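Notes to accompany the following structure.
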Amino acid sequence: MLDLLGKSLNTWLKKYPLLQKLIQKEEVVWIQKDHSSSFSSITIQDIHQAEERLKRFAPLIEKAFPETKKTKGIIESPLLPIQKMASKMLDDDQKKIEGKWLLKGDHALPIAGSIKARGGIYEVLKIAEQLAVKEAGFNLEKDYRTLLTPQFRSFFSKYSISVGSTGNLGLSIGIMSEALGFKVTVHMSSDAKKWKKDVLKRKGVQVIEHLSDYSLAVEMGRRACKKDPYCHFIDDEHSIDLFLGYAVAALRLERQLRNQHIIVDENHPLFVYLPCGVGGGPGGIAYALKLLYGNHVHCFFAEPTHSPCMLLGVMTGLHDQICVQDFGLDNKTDADGLAVGRPSSFVGKTVGSLLSGIYTVNDEQLYKLLYLLHETEGIDLEPSALAGMYGPIQLQKYGWFDSHFSQTQLNNSHHLVWATGGQLVPEEIMREYVEKGKLLNSKRG
């Protein structure tokens, strides 16, 4: 434990009583008391412009990745009902949770198999577009598939892209960068799963493994890239482009909800549960959803009990000036995508006040939920992607729903769990996850 920024532990505990449970790695719920409706300089027009860029690249994506042929190069995931899962989870709960449950299936996003296929791929495409326009005489009216020709691959090969990652962001950036011809380096933290490193290596991506956690891996990548004028570092902690790529998901979700005749208004609230690591993915989505739906949508971040970095940053207002290690937490979790000790200051300051709350979940619970989802809905996710699933239960126990909404509102509500990854997990590893969850559930019984 460090010097706690010059304050004694008792001083911290007196000001933030919830810290005691956080330090003891207990599951907690933190509710935003100073909820704000103010937004940063990022506008809905900025998000629409990001979506237009993705549309311009759609023919290229369709050609480079045949799995996107059905969607004509649009990288999007399904919106799925999971009422069987909800019923199974509520078997042991004393009070029924009203409303219908939905799963936003980013675990099935093509190309990268995770939510990172949004922000990560978007920023690589923007880099490619800007370089092609500025240095190679390309213009926005041309056929974007020409960017896959040997001529442009040779052009892009003069440049390199670098990123620090616990796994999924590295996969999305590595796969797309390699498809265009960029040289790619992914700095992987000690939390990154071996299979994710192996996938990148097989695709010719340079993987630099660090014994440290995510934050230092990012810093090492940032430093190395600064030495090369032809290198672009994709900064998961500060990138507005990553943020905008994720934010596009809210525009797509709005259309999906409309197509399924799901209303979001004062009498039909929408509760959204988003797994959170450094914050970019859930931050971009939550920000855009609040722009679209205002106070009718309620966004909650979910973090592991060993890595509640965003909760610490937002609760104290210190953001990246504080980390979980400051309070003796080890930042060790099987939810590798969420194994982040220090949050993004950019995301915390931009989105923190818009959140309804943040809660934590332990690894054992993630595996139990993983197994239940496998059994009830036939959907397989990696452990970190289950962090959102326990949100309704946590908030029900806390008493938040009954204290904020009428019975009619709750009856008309929807609970949307954001599934962030899982499709690329090797079968044998997924079987191990399922078996572990099965064993933990049997012990509970």
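Once segment 411-428 is narrowed to residues that are in contact with a helix residue (DSSP H, G or I) (Cβ under 6 Å, 6 or more places away or on another chain) and open to solvent by less than 70 Å² (accessible area, probe 1.4 Å), the residue that is farthest from residue 298 (Cα to Cα) is 426. Output the qualifying pairs, or none if there are none: Cβ atoms under 7 angstrom, residues six or more apart or on different chains, first residue in segment 243-265 and polar (S, T, N, Q), second residue open to solvent by less than 20 Å² (accessible area, probe 1.4 Å) and not in a loop (DSSP other than H, G, I, E, B). From segment 243-265, the pairs are 256/79; 260/79. Right, residue 311: surrounded by fewer than 22 Cβ atoms within 10 Å (Cβ to Cβ) and in a helix (DSSP H, G or I) or not? Answer is no for this residue.
Within the option set 190, 239, 165, being touching an Asp or Glu at 6+ places or on another chain (Cβ under 9 Å), among the small types (Gly, Ala, Ser) and surrounded by fewer than 19 Cβ atoms within 10 Å (Cβ to Cβ) holds for one residue only, 190.
The residues in segment 378-402 that are open to solvent by 50 Å² or more (accessible area, probe 1.4 Å) and either at pLDDT 95 or above or assigned to a strand (DSSP E or B) (or both) can be counted, and the count is 2. Would you mind finding the one in 42, 61 that is under 30 Å from residue 314 (Cα atoms) and crowded, with 17+ Cβ neighbours inside 10 Å? Answer to the check: 42. For beta carbons closer than 9 Å, sequence separation of 6+ or different chains, a first residue in segment 28-39 that is among the aliphatic types (A, V, I, L, M) and a second that is open to solvent by 70 Å² or more (accessible area, probe 1.4 Å) and not in a loop (DSSP other than H, G, I, E, B), the qualifying pairs are 28/21; 29/397; 29/398; 31/398.
Residue under question is residue 406, and the condition is that it be open to solvent by less than 60 Å² (accessible area, probe 1.4 Å), among the hydroxyl-bearing types (Ser, Thr, Tyr), more than 21 Å from residue 282 (Cβ to Cβ) and over 23 Å from the mean Cα position of the chain (by Cα); does it hold? The answer is yes for residue 406. For segment 80-101, does any single residue satisfy the condition of being open to solvent by 80 Å² or more (accessible area, probe 1.4 Å), within 25 Å of residue 293 (Cα to Cα) and of a type outside the set (S, T, N, Q)? Looking through segment 80-101, at least one residue is open to solvent by 80 Å² or more (accessible area, probe 1.4 Å), within 25 Å of residue 293 (Cα to Cα) and of a type outside the set (S, T, N, Q).
Checked against the criterion of being assigned to a loop (DSSP other than H, G, I, E, B), over 19 Å from residue 315 (Cα atoms) and either out of contact with any helix residue (DSSP H, G or I) (no Cβ under 6 Å at 6 or more places or on another chain) or free of Cβ contacts under 8 Å to residues at least 24 places away in the same chain (or both), segment 340-357 has no qualifying residue. Note on segment 67-176: enclosed strands (runs of 3 or more DSSP E) holding 3 or more residues that are in contact with a helix residue (DSSP H, G or I) (Cβ under 6 Å, 6 or more places away or on another chain) are 160-165.
The values are calculated or read from the model by the stated rules, or taken from the named source; none is laboratory data. Since the structure is predicted, the reported quantities are computational estimates derived from the model, not experimental observations. Positions of Cβ are backbone-derived with ideal geometry, glycine not excepted, and every protein chain shown enters the neighbour counts. Heavy atoms of the whole protein, side chains included, go into the accessibility calculation; ligands, DNA and RNA do not. Shrake-Rupley method; radii C 1.70, N 1.55, O 1.52, S 1.80 Å.
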